[in-house]
Amino acid sequence: MYTWIDVDHYNSNYMLTNYDPTTTLKASTVTITVFPPVLSMENQLPYSWSYPASNVHIIDLSDYSLNLAKWWHNIAEDTDLGSTVYRIEPGALIRVPQDSPIDWQEHYGVKYGRQTSLWWFPWWHYWEYTGEGWIEVKV
């Protein structure tokens, strides 16, 4: 599963200020924590939530210089997780100038794989993957 947030796709004044998770391997749960900028005493606490990550390798592909928060959730092929519903909930904090319209691009994509074998070598298995099915959303 691929997801990314292109913060400055529509407005070059937008800035990625924080995101989570970073690369994670063999965690049962991943906790997302994004810290808002300190503007007053009321908003100094971080926003935080969690989602399960057992059998999922999360690869952080984000880049602050590109204002891009990007993740690949690689689900272990040898588990049943890929045959059920799995929800990812990464997060990012975006700095938007006051009185600006709210618009950035989000991308959600999936790629599926299956193990197969050649009929003349039934003991030899390999993985076949589909192309990425995706949707992009202007938020």
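Given V7, Y126, N18, which one lies farthest toward the positive end of the charge dipole of the chain, if we put +1 on the Cβ of every Lys and Arg and -1 on the Cβ of every Asp and Glu? In the chain, that residue is Y126. Averaged over its residues, the stretch 55-95 has an accessible area of 57 Å² per residue, based on protein heavy atoms and a 1.4 Å probe. Taking amide hydrogens as placed 1.01 Å from N in the peptide plane, the amide H of V30 sits under 5 Å from those of Y51, A53, each at least 5 positions away in sequence or on another chain. Note on exposure: L93, L25 ranked by accessible area (1.4 Å probe, complete protein assembly) read L25, L93, with the most exposed listed first.
Give the peptides 129-135, 11-17 in descending order of average Cβ contacts within 10 Å, highest first.
Details: 129-135: 10.0, 11-17: 14.9.
Final packing ranking: 11-17, 129-135.
For the chain, carbon and sulfur atoms together expose 55% of the accessible surface, with a 1.4 angstrom probe and every protein chain in place.
Checking [x] 45; [y] 25; [z] 48 against the coordinates, the calculated percent of Cα pairs over 23 Å apart falls under label [x]. Take the Cα of L61, go 7 Å toward its beta carbon, and the backbone nitrogen atoms of the stretch 7-25 under 20 Å from that spot belong to 7-10, 16-25.
The values are calculated or read from the model by the stated rules, or taken from the named source; none is laboratory data. Note that the structure is predicted; figures quoted are calculated from it, not measured. Please note: Cβ atoms are built from the backbone with ideal geometry, for glycine as well, and neighbour counts cover all protein chains shown. Just the protein is used for accessible areas: all its heavy atoms, side chains included, with ligands, DNA and RNA removed. Shrake-Rupley method; radii C 1.70, N 1.55, O 1.52, S 1.80 Å.
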